[in-house]
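First comes the structure, then the notes that go with it.
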2 protein chains.
Amino acid sequence: MNRFASRQADYLPSSYYNIKADLDEAPKPPLHPATKKPLDPRDLEVIFPKSFIDQEIATARDIPIPSEVLEAYAQYRPTPLVRATGLKRYLDTPADIFYKYEGVSPTGSHKSNTAIAQAYLAARDGVRTLVTETGAGQWGSALSYAGALFGLEIRVFMVRASYRQKPGRRTLMKLFGASVEESPGPTTDSGRAFFAQNPDHPGSLGMAIAEAVEVAMRSGGSVKYALGSVLDSVLMHQTVIGQEAIRQMDELGAQPDLVVGCVGGGSNFSGLAFPCLRRRLKQGAAIRFLAVEPEVCASLTRGELRYDHGDASGLTPLLYMHTLGMGFVPPPIHAGGLRYHGMAPLVSHLVDRELIQARAVGQDEVFQAARVFLRTEGVLPAPESSHAVAAVIQEALAARREGRSETILFNLSGHGFHDMGAYEINGRPV
Amino acid sequence: MNRFASRQADYLPSSYYNIKADLDEAPKPPLHPATKKPLDPRDLEVIFPKSFIDQEIATARDIPIPSEVLEAYAQYRPTPLVRATGLKRYLDTPADIFYKYEGVSPTGSHKSNTAIAQAYLAARDGVRTLVTETGAGQWGSALSYAGALFGLEIRVFMVRASYRQKPGRRTLMKLFGASVEESPGPTTDSGRAFFAQNPDHPGSLGMAIAEAVEVAMRSGGSVKYALGSVLDSVLMHQTVIGQEAIRQMDELGAQPDLVVGCVGGGSNFSGLAFPCLRRRLKQGAAIRFLAVEPEVCASLTRGELRYDHGDASGLTPLLYMHTLGMGFVPPPIHAGGLRYHGMAPLVSHLVDRELIQARAVGQDEVFQAARVFLRTEGVLPAPESSHAVAAVIQEALAARREGRSETILFNLSGHGFHDMGAYEINGRPV
């Protein structure tokens, strides 16, 4: 635990926060894809490692973090909580803005928080290979890193649009020793169905999930599947972010009035928001929560709340969530991590209960926000995280118009150093 | 100062360490390029901001860090000191290995430590534009960031070999608002002399320095020049690294026996080493110091110690340093930041006094070391920093052969996320 020389070890939480323990009404359960009846957790064992399923169905409020996982976290955690003084000055706003910067993790985003947990649990269960999907590659590179840490083979289906846009993350995964293939591709039934239509198919997270799940299902138990978002336990692993942020804000004598994060599957937003939401649920703290999604893949603001598959081929359980439909193929925007047709059931539930607000923003505004953030704070956000920045700028300007002081906390979930192509058109910065 | 929520503010030093105050024998002074007589500091005013020159000739041991600079540092400092447990396990060595990780800075390397200081001093002096050179782009992007912080225009001459190898850093500089041109190019007399020979000339740091210095000299005072390494005060700005590292090591009850860094101009190495060297000079601590350079640009191990120009056109003062000759053009290796014909006069002096050892390593070994480090520590080092990693691995393996315990501290001066092309050949990881 003393790997990272730091008195800041004080900030590291020793357990994950399981928000389900604090909800009056539980979200609707997942259904078996064939029987449409509530899932028996044992049905999941064909896909997931057993220890992971245990966390998925855990009911305790605090789930201890294994010491091996804590040791790995201690290499980069606690991540900085930064007061965005440059952005505040530029916007000339009475709002105080703080960001939690997850880009300092080895692979550059929050995804390592759950990748390390999932790889550790899988290795402890004796699993040798994990298969997964990735969009922009943040999740795939985090799992490749975690696989290297715990001696697992990693196989990644990378959505074709991102595979071609972001060669850096592809290379990074391979350097970690992972195998990476374009999705949809010819090696699975699910992939072939789309690949046959169009070998340049841009793909989607739903299709890549289908390919990865199919590989696990057909492996006879030798390969298990890992998912980078959406599931209750994945969101729970990310609560280290919010727990740290609360301690860091407390030390500064600051309390958030508004908590903001981008959402694709929902995990980075939930990781920051859920521990803060607990203060609202249990202590009545007046905190607003804002989940920000891309206009062209707006499951929360334009999707329906209903049962749908998590993948594009109908292999996964049915999840009760906001969805654009499992067949929805988002345009190949640069924020590949947000190109998901559905939304985490827990986030969907809390939006439905009006505990979380949702907002969609367009890609042009997002890139403009990223440039402002770069020039005022010096950090280049990932295109995904830039959605949160865009909404924060909207809110800070609203506070200025209304002459209202407000403390905004947002999650800067990753850096954009592997997304430089997104910031250039014909070799010129956009 | 409380921008970065952190009890770690305790680690941030309040002054730079000026090693010249602790040396019995001073290095030989710079000479005027025309008269060959020791330089009058006022001669430098045609190139540098006045406040910068004051720091260059300062004799006090501790030079206070201005509060505006400290506030900017506090966004990313203190940087982590990490115990490399994964690497130690992999090498099966009795040596304990620590690294100071400067890659968490906004632009990804130690260069922002001096960029922020130089931009602040220039802005305070009323300078509107700074012109500079850059190799791999670490320095250029750091100065572009610092320029955005303090409202300066930044113009960068980027060595052509790197301009083409590393489009990401080029884009990053432009996003900060800097103008970036390939060097050698047609806009200066110095550039034209080489550009006319070959419009695809790979360039060198010496040529890019000549172009930038020429622009400053001809500007009639409206443009000043900033240098990212070599000069005494630039090395001094980097001593925040070593001062923090000592406090972080002290807290862990560890003392380095060996301090390692890569060297191009010498600033990241000196930043870590000089505060530790003080312990050797003043307290007789038995610490070895190892500066690591590329075999193909080995100024310390294959160059001569003599007066030479800092640039390729003979515009700068003559510096007493290890040099391969101002006309030397290194091959276009990926570690563009180390492609410099000379070496900091202070480092040259200390190597000559046998206080610092030097070693050259080859590019293949460097890339192998980077891969090992990535897989064991999760961090992709910049090709420059990987030179330090390669030497650390050599030393850790020597400790194993000799059954000798040793505490190694090295500077991981930057990440390699903008160098992914260097880690690929024909799209496959090397």
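Express the accessible area of segment B:155-312 per residue in Å², computed with a 1.4 Å probe while the remaining protein chains stay in the model. Display every interim value, and only then the final one.
On the way: 4620 Å² over 158 residues.
With the other protein chains kept in place, segment B:155-312 gives 29 Å² per residue.
Might you tell me the accessible area per residue for segment A:1-124, computed with a 1.4 Å probe and given in Å²? Numbers along the way, then the final one.
Details: 4710 Å² over 124 residues.
Here the residues of segment A:1-124 average 38 Å² of exposed surface.
Could you tell me what percent of the DSSP beta bridges with both partners in the protein assembly as shown are antiparallel, to the nearest 5? Working shown, then result.
Working: 38 of 104 bridges.
Of those bridges, close to 35 percent are antiparallel.
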Losing no less than 40 Å² of accessible area (probe 1.4 Å) relative to the isolated chain, the residues of segment B:368-387 are B:L374, B:R375, B:G378
12 Å Cα-Cα reach of A:K36 towards aspartates and glutamates, excluding residues that sit fewer than 8 places from it in its own chain = A:D308
Do any residues of segment A:64-97 lose at least 20 Å² of accessible area when the full set of protein chains is present rather than just their chain alone, and if so which, with a 1.4 Å probe?
-> A:E71, A:Q75, A:P80, A:L81, A:V82, A:R83, A:T85
Span from the segment B:315-379 Cα centroid across to the segment A:50-99 one, whole angstrom = 38
Carbon and sulfur: what percent of segment A:111-190's accessible surface (1.4 Å probe)?
-> 44
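When the chain is fully extended, how far beyond the present Cα-Cα distance does B:S15 get from B:E354, taking 0.36 nm per residue of separation?
So the extension gain works out to 119.3 nm.
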Pop a pseudo-label 7 angstrom from the Cα along the beta-carbon direction at both A:A34 and A:Y307 and give the gap in nm to one decimal.
-> 1.6
Which of the residues in segment B:137-171 lose at least 10 Å² of accessible area when you go from the chain alone to all protein chains together (probe 1.4 Å)?
-> B:Y145, B:A148, B:L149, B:G168, B:R170, B:T171
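Residue separation times 0.36 nm, minus the C-alpha to C-alpha distance between A:R128 and A:Y90: what's the value? Please report the intermediate quantities before stating the final value.
Working: separation 38, 0.36 × 38 = 13.68 nm, distance 5.06 nm.
Using 0.36 nm per residue and subtracting the Cα-Cα distance, I get 8.6 nm.
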For B:R400, label point 7 Å along C-beta direction: distances to other copies, nm = 5.7
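Share of segment A:28-91's accessible area from carbon and sulfur, percent, 1.4 Å?
On the way: 1740 of 3040 Å².
Looking at segment A:28-91 in its full context, I get 57 percent from C and S.
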Cross-link list A:K28/A:K111; A:K20/B:K100; A:K166/A:K224; A:K50/A:K174; B:K28/B:K50: which exceed 29 angstrom alpha carbon to alpha carbon?
-> A:K20/B:K100
Result for interface chain B to chain A, accessible surface buried in total, 1.4 Å probe, Å² to 100, stands at 4600
Counting only protein heavy atoms and using a 1.4 Å probe, what share of the accessible area of segment A:291-430 belongs to carbon plus sulfur, as a whole percent?
-> 46
One finds the C-alpha centres of segment B:140-162 and segment B:164-195 to be spaced, in Å, by 10
Every other copy gets compared here: list the nm distances from the A:P331 label point (7 Å along Cα to Cβ) to its counterparts, shortest first, one decimal.
-> 4.7
For chain B, set up a Gaussian network in which alpha carbons nearer than 10 Å are linked by springs, and say which option among B:P167, B:P184, B:P381 fluctuates the most.
-> B:P167
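Considering only chain B, what is the antiparallel percent among its DSSP beta bridges, to the nearest 5?
On the way: 18 of 51 bridges.
Roughly 35 percent of the DSSP beta bridges within chain B come out antiparallel.
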Using 0.36 nm per residue of separation minus the Cα-Cα distance, give me the extension gain between A:A60 and A:D189 in nm, one decimal.
-> 42.5 nm
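The values are calculated or read from the model by the stated rules, or taken from the named source; none is laboratory data. The shown structure was predicted, so the numbers you read here are calculated from the model rather than taken from an experiment. All Cβ positions, glycine included, derive from the backbone under ideal geometry; neighbour counts span all protein chains shown. For accessibility, only protein heavy atoms count, side chains too; no ligands or nucleic acids. Shrake-Rupley method; radii C 1.70, N 1.55, O 1.52, S 1.80 Å.
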